[in-house]
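No lab work stands behind these numbers, since they all come straight from the coordinates. Values in this document were obtained by computation on a predicted structure and should not be read as measured data. Don't worry about glycine lacking a Cβ; one is built from the backbone with ideal geometry, like all the others, and counts go over all protein chains shown.
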Amino acid sequence: MSRIRAALSAPGTLAIAPFALLLLVFTLMALLAPVLAPLDPARQSLLARLRPPGSMAGGITFWLGTDELGRDLLSRVIHGARASLAVALLSVIVSGILGTALGVLAGYRRGWVEVAIMRAVDVMLSIPAILLAIITVAVLGPGFLNLVLVLGFTRWPRYTRVAYAQTLGQAGLPYVTAARLAGARMPRLLLRHILPNIAAPLVVVATLEFGLMILFEAGLSFLGLGIQPPTPSWGSIMSTGRNYVGTAWWIATFPGICLFLLVLSVNICGDHLRDRFDPRATIR
Amino acid sequence: MSRYLLGRAAQSVLAVFGVMTIVFVIMRLSGDPTLLLVPEGATREQIDALRAQLGFDRPIAVQYADYLWTLGRLDLGQSVVQRLPVWRIVGERIPYTAWLASTALAFSVGIGIPVGVATAVWRGTLVERALMPLVLVGQSMPTFWSGILLIMLFGVGLGWLPTSGADDWRAVIMPAVALGGLSMATFARITRTAVMEELGKDYVRAIRAKGVAQPVVVIRHVLRNGAVPIVTIAALEIANLLAGAVIVETVFAWPGMGQLAVQSIQARDFLVVQAIVLLVSVSYVLLNFAADMLYGVIDPRIRLRGGPR
């Protein structure tokens, strides 16, 4: 706890405050989307197609304009935050748990377990992640659950590397020997004793991965391999917007701004956490 | 050839083998790979015939051995959809992706390294404060969003550059900038940390005390000594550029491998998708190996002792 307090009072915390706030705003936007969105994001109105921001039609103001099917862009952008954050959060949880478990196991058991796991990490890291995700989604079919599973099962190696290196450092320490001599079995030893001591750098990896997962979700949805219509996702809205850059600039612009601000906030908060928890990382 | 390089060569071979295995497994995740390869609306009989023709009715171990053997002979198979050798379909697109990726690399190195040096040398000054936001923006900007913004500004708004295709030599500029943005930020960050680390060392104080001018100190001494992390990242970044091309080429309708991959997924031409994933992943492994060989050239300590640091 004292480390967290120190992190909050450290210099630089004030500078990231606006970005932390922005992150909070996006989270609230995702959680309260049905309340906040002025209209149903799927409601089409063929009479109000491609209206610019601020235009009125049928007594309704479209603050951010409408898309090619006359759907309210503001409502779609607000709902789009859900897809982004839900996919990113769930895939970080899946890959974080999987990667950490494998890394701790490799670092503690050593021997052939270690060799097998760490070689698998090397191989996974030698396939560009976005290509791996693209081919897997293409094989399994797009959709929310597949997206989470694909990202979860392709993004574990970074956690494994960190958890492995950290566990190696801890395994020889007296407290681990003491716990083992006191009769702690392996699962208990790893979960109750080693894991809390290696958690900080893993949280940092998770934060940085979170930003990346948001970009992956948006990228895959942009290619039509992610969240499927009519569910709004920033990536798929922008993919439509690409076709209307000359006539309806607003369609791609507003989700683009949101995506950029969200990723920027996550990255800045992640960098800050890394600098606080791992002083060595500032030099590297 | 030192033991270090032999070890790395063995690791690279293992990685290529692993990549092939992973792609083999993924292609079978859906249960029946035949279904991935038939055009939509094929009849039961056509599917069965294709399954027998492609050998997907054989035991999985036999299929795996056959798959490795075929790839080992550099045979990527025959596209079921286009009825052409996959090699020819993909081969036509390679020059476009290579052209795009190398232009993007030139952009990211050309901007990234000077920015990294400048922010390290003039740390805490106005220069740093003006340039660091550029790095942060580059890092957080999805390529398709910067691509769309560039199209709006220089394509639609000002009408200076073509918004799609590859007919005009200027057509490469916008996709290359969009694609290289993230790499530019990475180069800037890595160069900055490498230069900051070197600037604090004793030898820098010694040559400065001799009266050597700052630009000479940085270019001749600091950058050379800080080159190992920069070269490592360069290898990774070239591979990231190839992978990132999938999205950028779709935004700009650039006729490279990335656009082909997306088109082939839509056309259910999975042997082409598989070939592209394999090609990019193998170049990723080879580039990393090339970076390892370069370390020895840059840093004699690695050549003599084996292994960086």
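Only alpha carbons enter this Debye calculation for the range B:114-182, each as an equal point scatterer, and the log10 of I(q)/I(0) it gives at q = 0.14, 0.16, 0.29 Å⁻¹ is -0.54, -0.65, -1.15. Given 20 °C and 1.002 mPa s, how large is the Stokes-Einstein diffusion coefficient of the range A:8-139 in µm²/s, with Rh as the Kirkwood radius over Cα pairs? For the chosen part, D equals 113 µm²/s.
Is the shape of chain A best called rounded, prolate or oblate, per the rule: a/c under 1.5 gives rounded, else a/b larger than b/c gives prolate, else oblate, with a ≥ b ≥ c the square roots of the Cα gyration tensor eigenvalues? Prolate shape, in that a/c is at least 1.5 and a/b is the bigger ratio. Along the axis of the charge dipole computed for the range B:185-283 (Cβ charges of +1 for Lys and Arg, -1 for Asp and Glu, origin at the Cα centre), the listed residues B:VAL262, B:VAL218, B:VAL272 are led at the positive end by B:VAL218.
Along the charge dipole of the range B:1-128, pointing to its positive end and built from +1/-1 on Cβ of Lys, Arg, Asp and Glu, which listed residue (B:LEU68, B:PRO114, B:LEU14) has its Cα farthest out? Final value for the positive-end residue is B:PRO114. In a reduced charge model with +1 at each Lys and Arg Cβ and -1 at each Asp and Glu Cβ, the protein assembly as shown shows a dipole moment near 2120 debye about its Cα centre.
Its residue count N fixes a reference of 2.2 N^0.38 Å for the range A:176-229, and the Cα radius of gyration divided by that reference is 1.91.
Taking each residue in A:234-243, count the Cβ atoms of any other chain within 10 Å of its Cβ, then average. What number comes out?
On the way: counts 2, 4, 0, 0, 6, 4, 0, 3, 10, 0.
Average per residue, whole number: 3.
Values of log10 I(q)/I(0) for the range B:91-267 across q = 0.08, 0.14, 0.15, 0.17 Å⁻¹ run -0.30, -0.77, -0.85, -0.99, by the Debye formula with one identical scatterer at each alpha carbon and no solvent. Placing +1 on the Cβ of every Lys and Arg and -1 on the Cβ of every Asp and Glu, with no other charges, gives the range B:91-267 a dipole of roughly 820 debye about its Cα centre. Net charge dipole, chain B: roughly 1460 debye, given to the nearest 20, about the Cα centre with Cβ charges of +1 for Lys and Arg and -1 for Asp and Glu. Modelled spin labels at B:ARG123 and A:LEU36, positioned 7 Å past Cα toward Cβ, are 3.9 nm from each other.
With the convex hull constructed from alpha-carbon coordinates only, the range A:135-182 shows a mean projected area of 5.0 nm² over all directions. Averaged over peptide A:118-127, the number of partner chain Cβ atoms lying within 10 Å of each residue's Cβ comes to 6.
Here is how the number arises for the protein assembly as shown: DSSP H runs of 4 or more residues each give -39500 (n - 2.57), the sum is divided by the residue count, and the result at 222 nm is -23500 deg cm²/dmol. When the alpha carbon gyration tensor of the range B:46-154 is reduced to an equivalent ellipsoid, the three semi-axes, largest first, read 49, 17, 14 Å. Panel values: the protein assembly as shown, Kirkwood radius from alpha carbon pairs, Stokes-Einstein at 37 °C and 0.692 mPa s, translational diffusion coefficient 126 µm²/s.
Does the range A:222-273 classify as rounded, prolate or oblate by the C-alpha gyration tensor (a ≥ b ≥ c root eigenvalues; a/c under 1.5 gives rounded; else a/b over b/c gives prolate, otherwise oblate)? It is oblate, given that a/c is not under 1.5 and a/b is not larger than b/c. Answer rounded, prolate or oblate for chain B, using the Cα gyration tensor with square roots of eigenvalues a ≥ b ≥ c: rounded when a/c is under 1.5, else prolate when a/b is larger than b/c, else oblate. Cα axes put chain B in the oblate bin. What's the local net charge at A:PRO232, with K and R +1, D and E -1, over the other residues with C-beta under 14 Å away? So the surrounding residues net to -1.
Inverting the mean 1/r over all pairs of different Cα atoms, compute the Kirkwood radius of the range A:124-240 and quote it in Å. Taking every pair of different Cα atoms in the range A:124-240, averaging 1/r and inverting gives 16.4 Å. Contact order, relative form, for chain A: 23 percent (alpha carbon pairs under 8 Å, 6 or more residues apart, mean separation divided by residue count).
If I take every Cα pair under 8 Å that is 6 or more residues apart in the range B:91-267, average their sequence separation and divide by the length, what percent do I get for the relative contact order? Provide the component values of the computation, followed by the final result.
Values: 223 pairs, mean separation 61.2, N = 177.
In percent, rounded to a whole number, it is 35.
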